[in-house]
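**Q** Following this message is one structure expressed as structure tokens.
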Amino acid sequence: MNTAEKAIISQIIKASTVPSRPSFYVVGSHAKRVNFCSQQIRAMNLIWALTHAGKLKQPSNVCVIGGGLSGLSAAAALVEKGFKPTIVEKNPEFLFDQRRSTHRYIHPTANFWPELAITPTTRLPYFEWASGSCSEVME
């Protein structure tokens, strides 16, 4: 791992750490320009950083709190790394609030414009989606 990667890993972990709980991490609690796609990317980046920093090692018990899109993305990234995460969700099903949001239109990359080109899909390794009403996308 080179110096630049170490710096990025450190920055991601520092931004995600809960100060009073050294082994608890959050996704995007102080982030700007938040949308579903950015939360997915933050979740995947956090798992990448934690595994590369050696903070997650096999075998480990990993609990993901929240069954929203970022929680499910973190869990998928953990599974890809060989972990068996436990997802804790207060609602009766995953993506509970998002599935019921019929009035909200979401787009995967509009928040990144003009820095990045607008694309029709997220182009993510899992849970890829295209624009549409929130409830349609979540289904």
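The values are calculated or read from the model by the stated rules, or taken from the named source; none is laboratory data. Bear in mind that the values here come from a model prediction, so they are computed numbers and not experimental data. Every residue, glycine as well, gets a Cβ built from its backbone with ideal geometry; the counts of neighbours run over all protein chains shown. When the accessible area is computed, the model is the full protein with side chains, heavy atoms only, and any ligands, DNA or RNA have been set aside. Shrake-Rupley method; radii C 1.70, N 1.55, O 1.52, S 1.80 Å.
**Q** When the accessible area of the range 57-139 is computed with all protein chains present and a 1.4 Å probe, what percentage of it is carbon and sulfur?
**A** Here it works out to 55 percent.
**Q** Name the residues whose placed amide hydrogens come within less than 5 Å of the amide hydrogen of ILE87, ignoring near sequence neighbours (fewer than 5 apart) on the same chain.
**A** VAL64
**Q** Count the DSSP beta bridges whose two residues both fall in the chain, then state the antiparallel fraction as a percent rounded to the nearest 5.
**A** Percent antiparallel among DSSP bridges in the chain is about 60.
**Q** In terms of Cα to Cα distance under 18 Å, which aspartates and glutamates are near enough to LYS32, apart from those fewer than 8 places away along the same chain?
**A** GLU115
**Q** Relative to the present Cα-Cα distance, how much length would full extension add between TYR126 and GLU80 at 0.36 nm per residue of separation?
**A** Going from the current span to full extension adds 15.5 nm.
**Q** Could you compute the FRET efficiency for SER135 and ILE65, with r as their C-beta to C-beta distance and R0 at 22 Å, rounded to 0.05?
**A** The value I calculate is 0.40.
**Q** With N residues in the range 18-86, what two-decimal value do you get for its Cα radius of gyration over 2.2 N^0.38 Å?
**A** In units of the 2.2 N^0.38 Å rule of thumb, it is 1.05.
**Q** How many angstrom separate the Cα center of the range 41-77 from the Cα center of the range 1-40?
**A** After rounding, the separation between the Cα centres reads 11 Å.
**Q** Given (1) 41, 38, 28; (2) 47, 30, 28; (3) 60, 36, 25 as candidate values of Cα extents along the principal axes in Å, which corresponds to the one derived from the coordinates?
**A** Among (1) 41, 38, 28; (2) 47, 30, 28; (3) 60, 36, 25, the one calculated here is (1).
**Q** Taking 0.36 nm per residue of separation and subtracting the Cα-Cα distance, what length does fully extending SER23 through PHE96 add?
**A** Extending this stretch completely gives an extra 23.6 nm.
**Q** I've got another one for you. How big is the dipole moment of the chain about its Cα centre under a simple scheme where the beta carbon of each Lys and Arg is +1, that of each Asp and Glu is -1, and everything else is neutral? Debye, nearest 20, please.
**A** 480
**Q** How many Å² of accessible area per residue for the chain, probe 1.4 Å?
**A** About 63 Å² of surface per residue is accessible.
**Q** Another question, if that's okay. Would you please give the residues with an amide H less than 5 Å from that of GLY132, counting only those at least 5 places away or on a separate chain, with H modeled from the backbone geometry?
**A** Those lying under 5 Å, H to H, from GLY132 are ILE106.
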